[in-house]
Every structure is written in structure tokens, then in C-alpha cells.
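Data block below; observations after.
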Amino acid sequence: MDQVMKDWLQESVGKTYGNFIDGRWQESASKKTYPVFNPGKREQVLGYFPASTAEDVEQAVNAAHKAFAAWSKVPGPDRAAILLRFADLLEKYAEEIAYMLSAEQGKVLAESRGEVLRAAKEARFAAGEAFRIEGKTLPSERADVWNAYVRYPIGVVAAIAPWNFPVVTPVRKIAPALAYGCTVVFKPASVTPWTSVRLIELLAEAGVPQGVVNLVIGSGSRVGDPLVKHPLVRGISFTGSSNLGISIHELAAKRLAKTQLELGGKNPAIVFDYDDAEEVAKQIVNAAFTCSGQRCTSISRVIVLKDKAKELTEAIVSEMRKIKVGPAWDSSATMGPLVSEEQLTSVMQYIELGQKEGARLLYGGEMLTHGEYADGYYLSPTFFDQVKPEMSIAREEIFGPVLTLLAVEDEGEALRVANNVAYGLAASIFTKDLSQAYRAVERVESGMVHVNHGTASQAHMPFGGTKQSGYGAFSIGSTNIEFFTDMKVVYFQYEK
């Protein structure tokens, strides 16, 4: 039991917070706040946060727009230095931030620590990008003309983050924006704003100037909509559901604002062959149930050749039995609660639907309500087999700890089933055959493909999807330049 975390929470919860606009903390124009509760101990109020309005958005966007003129002229290495200090501060306060993250989102403490340290890595990579804002000089058709193109920052960026990764996803948006010379208005998910406050404090401590990063907390309808529609916002980086992302893109398209959308997934693990069923099961189970399955890159479908199905099924169940559900302050827990009652209800409805549609519930599927579990939104990890491709649990994003298994005849059917969904974010391929691996990588409709390991990304590699899983420039890696900058082509005639 991590008593230190429990003691820290006892001393730290219940405070009232504001927005951060133009370099200072202030209450919302609405004068109203709302409580945020701990999903692992739902009676515990973590804090009271501003119920912001369009007036707050207006102030924040104007502050960011005003700050852009000076910030965009700061040399790239100087912007990088600030981001490197910010990364150092993330590491310095990693334990405290992890406590906050676990308390508001529910994930176990080991996962929260990993998320904070991953955010520091991504901030450092983004800092390096400030040195690499590259253009190109090209040969001219005329002897007295010099040709080139250069990159320049687009302006004010709206960073709209989800609740499942409330530390790394904001950093994934804010750090590259600052590296490329943009300014930011950041809207966190309304259920996980606590760590966002701490991120802003650390950015200010690292030396981010007044107005360059602004925080506005509130609902999607009262904050997100006016932010997306604001004429001074030139780009929207959004992570969340596909439906909401499409709506944001429609609004942005009306005024030709850029979008970077990281959306949903229904990610397959396609299992052709292996030497060790237990190792494959370990990779799948880890990718399926990290963050209680509330992860856009979670493996949610195992597509396996029939001759391997029985052995792999047994190995997966055996691996799932090792999962211990519990609150973050239980150091032995490996899976936390779901983020909210609403999310728990939604996942339970899918579990009931899967059974009605004829899938076999092999493991889990129950809400945990006894003892300490009664205080939170706990659900046992869940596994279905005898699943058909047309079933809802095989097609729709559940966003919870639910794994399905579909048995197929051959490689061709496996890839058809894998691609027969609206999403295309991440996929895992398990095979001993190198040629088969290459064929699968080419044919699977997915923005990211992992061969012989789970869907774990790295801090310097582009991150994104196809179909309804994403739109615009991939994030994290060097591809960010396509979103945060525009191109200017220069023709320069000189005297011979």
C-alpha cells in the first residue's frame, strides 16, 4: 500500500483552481466552478475547477494572438531551452504529478509514473525540432533568380486533450507548438483538469512568456466549440472520439483552419504463427488492458488462425488471471478503475450486447462492488471468444477492458477481417515468417503496425491513423512540422 500517496492526497485535495490567461491565474467569467472526483474513491473531491464560457475563450485567444508576434521571433534554440527546462521539471516532480494523474484518471501509479516520464521524453524531442525547422533551396530556371521555400509558424493553436492521458497528450501538443513558434490555448478534458494546472505551472516556471500558453477549463460545448470556431485560431490539435473529431474538422473546414486529429481505434492483433504462445499472450494482454483498456491504441481484437486459437485462448486467459484490479495507492494493483460512472455504464452495455449477439464470455465481465471496490468504478478485465466480424463488440470502439477473439481460416481472411472496420490506428502482427510479415504490413489498413510486439509507440516516432482514426499530420515525430508550420516559397531576383 502506497501510504505516501494517500497522505499526499489527503493534504492536497479540495482546492479551488482557475484558468491561466495572459500569464496569470483568474476565475472564470461565469464565476462558477465544478467538482472533480477520484474515480477510485468517488466521494473524494480532488478540486473545484472553473466552468468557463466563451468569454474566457475570447480572452485566452486574444492573449495568445498578441503573444504570437514576439514568440514567433524568438530564436529556435532559445525556445528549445525553455522546453528542455520544462522536461527537467517534469522529471523533478514526476512522483507528485503521478499522484495527481492517478487520482483524477484512475490508472495505477506505475502507469502514471511512466506517462509523466514519457511526456518528458516527448518534450525533449520537440525541443530538438526547434533546431530543425528546415526549408530547401532549389535550382532556378533562370540564372539571376534564387529559389527557396521556408517554414513559418501558423499562429494560435487550440490544443484539445482527452481524459485518458491527461499529461502526455497535452505535452504532445503544447511542446511542438512552442518549438515551432506557435502560441497555444489549451483545453483539457473536463474530468481530468488537475494535472493540466500543474503542467501550466511548470511551463511558466520553465520560462514560457506571458500569453504564449493559456489554459481554459470547461465543457466541450461551452469552451471547445467557441475555441474551434474562433477566427484567430489557425490550427486545432484534437485527440478524442472519431465522431467529435469529424465535427471539429467540419467546423474548421468552413474557415480553412488546419486540423490534426488523433481519433478512435479498433486495433487488431493478427496472430499467424509463433514459437511461444505465452509470450504472444503477454504482449496482447498488456496492450489490451493498460489504462484499463481506455486507450486509443489498445488491442481489442485478436484475429487468430483456427489451428492456433485454442492454445492462444488458454494462454490469454492464463495471463489475464495475473491482472489485479485496484486503486492506484495499492502497489500490487496492475489495473485501475474506469474514469467515470458514465464510462463504466457504457462498457457494461457492450458486455451485455456481446452476450446477446452470441459471443461467449470466457473471463471477467463483472462490476466489482465489494469492499474497497464499492468506492470506485471497477470492472474485471473481460475476454470474449466465438466472436463474429459483424458483431458490435468486433466493430465498435468500446474503450474499456474488453478483448475479443475471432478465429479465421487463413491469412487472406485474417487481413479482410482486420480491415473490415471504420478505424485504422494501430495493428500488431505475430508471425515467424518474414515474407508473411511484410505482406501483412503492406495490406493492413493502419497508420502504425507493430510486428511481434504490442501496440507501444516511441517518443520520436510519428503517431497517427487512417480512415476514421485520424486526419492531418501525424504527431510526436518530425511530421509535426506539417501541422504547426506553413510553407512560403521565395523567388529572389538579383543583379548579374
- Note on the structure: In region 257-280, residues that are within 21 Å of R295 (Cα to Cα), of a type outside the set (V, I, T) and either surrounded by fewer than 16 Cβ atoms within 10 Å (Cβ to Cβ) or out of contact with any Asp or Glu (no Cβ under 7 Å at 6 or more places or on another chain) (or both) total 7
- Here are some residues: N19, N62. Which one is surrounded by fewer than 22 Cβ atoms within 10 Å (Cβ to Cβ), touching a residue at least 12 places away in the same chain (Cβ under 8 Å) and of a type outside the set (K, R)? N62
- Among the candidates M5, M1, which residue alone is outside any strand (DSSP E or B), within 19 Å of A103 (Cα to Cα), modelled with pLDDT under 95 and in contact with a helix residue (DSSP H, G or I) (Cβ under 6 Å, 6 or more places away or on another chain)? M5
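Residue by residue, here is whether (1) surrounded by 16 or more Cβ atoms within 10 Å (Cβ to Cβ); (2) acidic (D, E); (3) within 30 Å of F131 (Cβ to Cβ) holds:
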site	(1), (2), (3)
E11	no, yes, no
P39	yes, no, no
E43	no, yes, no
A70	no, no, yes
- Checking A148 against (1) small (G, A, S); (2) surrounded by fewer than 24 Cβ atoms within 10 Å (Cβ to Cβ); (3) touching a helix residue (DSSP H, G or I) at 6+ places or on another chain (Cβ under 8 Å), the condition it does not meet: (3)
- Query: Is region 429-445 home to any residue that is in contact with a Gly (Cβ under 7 Å, 6 or more places away or on another chain) and under 20 Å from T239 (Cβ atoms)?
  - Reply: no
- Identify, from the list T334, T369, the residue that is farther than 27 Å from L312 by Cβ and β-branched (V, I, T). T369
- Pull up region 264-299, narrow it to residues that are hydrophobic (A, V, I, L, M, F, W, C) and assigned to a loop (DSSP other than H, G, I, E, B), then point me to the one that is farthest from E341 (Cα to Cα). F272
- Query: If a residue has to be in a loop (DSSP other than H, G, I, E, B), of a type in the set (G, A, S) and surrounded by 22 or more Cβ atoms within 10 Å (Cβ to Cβ) to count, how many in region 334-363 make the cut?
  - Reply: 2
- Sort out which residues of region 372-387 are closer than 14 Å to V302 by Cβ and either in a loop (DSSP other than H, G, I, E, B) or not β-branched (V, I, T) (or both), and write them in order of number. P381, F383, F384, D385, Q386, V387
- Quick one: S331 ticks every box in (1) surrounded by fewer than 24 Cβ atoms within 10 Å (Cβ to Cβ); (2) within 24 Å of G106 (Cα to Cα); (3) modelled with pLDDT of 95 or more bar one, so which box is it? (3)
- Task: Test V421 against the stated conditions and say whether it is farther than 30 Å from E104 by Cβ, under 21 Å from the mean Cα position of the chain (by Cα), surrounded by 19 or more Cβ atoms within 10 Å (Cβ to Cβ) and among the β-branched types (V, I, T).
- Result: yes
- Message: Please go through region 137-152 and give me each residue that is touching a Phe, Trp or Tyr at 6+ places or on another chain (Cβ under 8 Å) and of a type in the set (D, E), ordered by number.
- Response: D144
- Message: Quick check on my filter: what residues within region 471-496 are crowded, with 18+ Cβ neighbours inside 10 Å and at negative phi?
- Response: Y471, A473, F474, S475, G477, N480, I481, F483, F484, T485
- So, in region 72-93, of the ones that are among the basic types (K, R) and surrounded by fewer than 20 Cβ atoms within 10 Å (Cβ to Cβ), which residue ends up farthest from Y180 (Cα to Cα)? K92
- Item | Contacts under 9 angstrom Cβ, first residue in region 158-170 being in the same structural domain as A189 (by TED's automatic domain parsing) and in a strand (DSSP E or B), partner polar (S, T, N, Q) and at pLDDT 95 or above, 6 or more apart | A158/S237; A159/T169; A159/S237; I160/S237; I160/T239
- Item | Pick from region 364-374, criterion surrounded by 12 or more Cβ atoms within 10 Å (Cβ to Cβ) and aliphatic (A, V, I, L, M), ranking: nearest to V387 (Cα to Cα) | M367
- Item | Filter result for R234 (under 22 Å from A54 (Cβ atoms) and either outside the structural domain of A70 (by TED's automatic domain parsing) or basic (K, R) (or both)) | yes
- Query: Do you know which residues across region 214-231 are within 26 Å of L202 (Cβ to Cβ) and either hydroxyl-bearing (S, T, Y) or not assigned by TED's automatic domain parsing to the domain that holds F49 (or both)?
  - Reply: S219
- Item | Evaluation of V302 against (1) of a type outside the set (S, T, Y); (2) in a loop (DSSP other than H, G, I, E, B); (3) under 22 Å from G354 (Cα atoms) (one fails), failing number | (2)
- Message: Anything in region 450-471 that is without any contact (Cβ under 8 Å) to a residue 60 or more places away in the chain and either over 18 Å from A418 (Cβ atoms) or aliphatic (A, V, I, L, M) (or both)? List them, or say none.
- Response: V451, Q458, M461, P462
- Task: For region 120-140, name all the residues that are buried (at least 17 other Cβ atoms within 10 Å of the Cβ) and either at pLDDT below 95 or over 18 Å from F484 (Cβ atoms) (or both).
- Result: A120, K121
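The values are calculated or read from the model by the stated rules, or taken from the named source; none is laboratory data. Computed from a predicted structure; not experimentally measured. All Cβ positions, glycine included, derive from the backbone under ideal geometry; neighbour counts span all protein chains shown.
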